[in-house]
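These notes are about the structure you will find just below.
The values are calculated or read from the model by the stated rules, or taken from the named source; none is laboratory data. Owing to the predicted nature of the structure, the values given are computational and were not obtained by experimental measurement. Note that we place each Cβ from the backbone using ideal geometry, even for glycine, and neighbour counts take in every protein chain shown. SASA here: full protein model, heavy atoms, side chains in, ligands and nucleic acids out. Shrake-Rupley method; radii C 1.70, N 1.55, O 1.52, S 1.80 Å.
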Amino acid sequence: MPIIYVDGIKSLQEQEMTKYSPFLSKSLYIKGLQCHKALWLHKNRPELKDEVSTAQQVVFDAGTDVGILAQHLFPGGVEVPYDGLTTAQQVTMTRRLIAEGVETIYEAAFNFDNLFCKVDILHKGVDGWELYEVKNSTDRKDVYVNDIAIQYHIVTGSEIPVSSACLVHINNQYVRHGDIDVQQLFTILDITDEIIDKQAELQKNIAAMRGMLQGEMPAIDIGPHCSDPYECSFSGHCWSHIPSPSVFDFADLGKPDGFALYKQGIVKMEDVSRETLGWRQQMQLDGYLHQKNVVDVAAIKEFLDSLWYPLAFLDFETTCLMAVPLFEGTRPFQPVPFQFSLHMRNSSDAPVQHREFLAPAVGDPQEPFLHALLDALPENACILSWNKGFEGKILRMLAERFSMHGERLQHHIDNLVDLMTPFRSKQIYHWQFNGSYSIKAVLPALVPELSYEALAISDGGTAADAWLQMRASSDPDEQKKIGGDLLEYCHLDTLAMVRILDELNKFCG
Ligand code: SF4
């Protein structure tokens, strides 16, 4: 058969090769390692993918930001852009840059054996080309090793000798002082030997994936791999047969876990044998089947007797966990408080008062937050929060950062009481909690007239994103709207605690 070479069109030989060697990018290879079915669906039924959630988009964007910042480790390089170039053009541009003697290339593109990858940073060191993969994480993970292993395979297959293959991750000990110090922010881990050791296994994996892609959809059932190492984008499709509630809805199930039960054909919650469950799960099952509630009046009374006036109901909102610390004195992935709501009651029959704080859209929120909090909190208040470990952690961080207020903050930390305790320990359990003790589950069951549902912001993650959005906006109307939504949300968090405590008091007469 003659081989016809036409510029821009694959030769027959290439077409034949492609037929038996389906195209795989680096990310498709990683997807296939997690689950062959996910790779098959991506190639053949992409319309079945779940929509990308806002939270996932934030993770993707954060990864991109960190990648750009890491380029400063090797300044003066040339970037091979994604936008406006086909993958073939990106590969051609990379080749040209190498031929021209460019020593640092960002997003270098390679294609070998119908495999494609982009290398975050390719740098020519004294011993040869060094390959750097940047991750928005504080440590090494197996999935990163696989990610770098396929890059190594493609780059060396493209006849570019690689002297080292490195993972660039975030140094969680870094503390920001002034401008970001990229040399301190990142840790470079040379994993060349591990990458070379992976090559034989990698080639077998590629062959297995390509063989699989030429057949029907593989019969792979749901399992722990659906969310490990990443949340699969076909979960909505593959999990559609799971009823609600199911064995996967038991809280803190332990062994046998939901997947073990599912494998035995036990899927609905009511199909589980009650005797095989722990007492907490039995409580959840009884609640679901018989709308049974539990109230241990003596234990709740003991909890209530441990409280004192003035009572302060306190809740913080903090930034999302960002790899690159935004503010002075903070570490990677450190939550930074920007808002609080405080309801207070000075005696059992005194009216409830409210104080609140939302950091302005510019500047470091930490100091204004601290001063507003110290001003609002009564000196010897019993401070109720929901999951006090979180509020305590933020107060300890502030005490470390602003040591002159350390003693006062420690005093407040000592006075923290967790309103979640009677719920976590199941001294009170309402069937509508569905095994949960989060305030979002408890509030609608005990105080149905209060609800997060109508709010524009209804969870902490959305609040964190909204605050960043407010800072990024130059539209005063948008800033005002977001600010109002944030205040409304945080206010409800502490009002909810006030009303839940009222309900606990009612149980004890
Ligand atoms: S949801 Fe689970 S079984 Fe379905 S494709 Fe994804 S990983 Fe595979």
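In region 309-324 there is at least one residue matching the filter, namely being in contact with a Lys or Arg (Cβ under 6 Å, 6 or more places away or on another chain) and over 30 Å from residue 469 (Cβ atoms).
For region 233-255, filtering for residues that are among the aliphatic types (A, V, I, L, M) and within 16 Å of the ligand (Cβ to nearest atom) leaves 1. Within region 237-251, does at least one residue satisfy the condition of being among the hydrophobic types (A, V, I, L, M, F, W, C), open to solvent by 60 Å² or more (accessible area, probe 1.4 Å) and touching a helix residue (DSSP H, G or I) at 6+ places or on another chain (Cβ under 7 Å)? So far as region 237-251 goes, no, none of its residues is among the hydrophobic types (A, V, I, L, M, F, W, C), open to solvent by 60 Å² or more (accessible area, probe 1.4 Å) and touching a helix residue (DSSP H, G or I) at 6+ places or on another chain (Cβ under 7 Å). Screening residue 356 with (1) more than 30 Å from residue 429 (Cβ to Cβ); (2) in a helix (DSSP H, G or I) gives one miss only, at (2).
Could you check, for region 476-496, whether at least one of its residues is at pLDDT 95 or above, among the hydroxyl-bearing types (Ser, Thr, Tyr) and surrounded by 14 or more Cβ atoms within 10 Å (Cβ to Cβ)? Yes. Pairs linking a residue in region 142-165 that is closer than 14 Å to residue 201 by Cα to a residue that is of a type in the set (Ser, Thr, Tyr) and buried (at least 19 other Cβ atoms within 10 Å of the Cβ), with Cβ atoms under 8 Å and 6 or more positions apart or on different chains, are 146/29; 150/29.
Of all residues in region 281-294, those that are under 25 Å from residue 493 (Cβ atoms) and open to solvent by 60 Å² or more (accessible area, probe 1.4 Å) total 1.
Based on this model, can you work out whether residue 186 counts as within 16 Å of the ligand (Cβ to nearest atom) and either at pLDDT 95 or above or more than 27 Å from the chain's Cα centre (by Cα) (or both)? So residue 186 does not fit the description; no. Is it the case that residue 271 is more than 14 Å from the ligand (Cβ to nearest atom), surrounded by 12 or more Cβ atoms within 10 Å (Cβ to Cβ) and over 27 Å from the mean Cα position of the chain (by Cα)? Taking the combined requirement at face value, the residue satisfies it. No other residue among 394, 383, 428 is open to solvent by less than 10 Å² (accessible area, probe 1.4 Å) and within 28 Å of residue 471 (Cα to Cα) apart from 394. Of all residue pairs spaced 6 or more apart or on separate chains, those with beta-carbon atoms under 7 Å, a first member in region 363-375 that is in a loop (DSSP other than H, G, I, E, B) and a second member that is of a type in the set (Asp, Glu) are 364/328. Only one of (1) within 16 Å of the ligand (Cβ to nearest atom); (2) open to solvent by 80 Å² or more (accessible area, probe 1.4 Å) fails for residue 258. Which number is that? Going through (1) within 16 Å of the ligand (Cβ to nearest atom); (2) open to solvent by 80 Å² or more (accessible area, probe 1.4 Å) one by one, residue 258 breaks only (2). Of the helices (runs of 4 or more DSSP H) contained entirely in region 180-269, those carrying at least 3 residues that are in the same structural domain as residue 152 (by TED's automatic domain parsing) and in contact (Cβ under 8 Å) with a residue 40 or more places away in the chain fall at 182-185, 192-197, 199-213. For region 330-345, does any single residue satisfy the condition of being without any contact (Cβ under 8 Å) to a residue 40 or more places away in the chain and more than 22 Å from residue 173 (Cβ to Cβ)? Among the residues of region 330-345, at least one is without any contact (Cβ under 8 Å) to a residue 40 or more places away in the chain and more than 22 Å from residue 173 (Cβ to Cβ), which makes the answer yes. Residues in region 151-160 include none that are in a strand (DSSP E or B) and over 25 Å from the mean Cα position of the chain (by Cα). Has region 220-230 got any residue that is within 23 Å of residue 441 (Cβ to Cβ) and within 16 Å of the ligand (Cβ to nearest atom)? The answer is yes, given that some residue of region 220-230 is within 23 Å of residue 441 (Cβ to Cβ) and within 16 Å of the ligand (Cβ to nearest atom).
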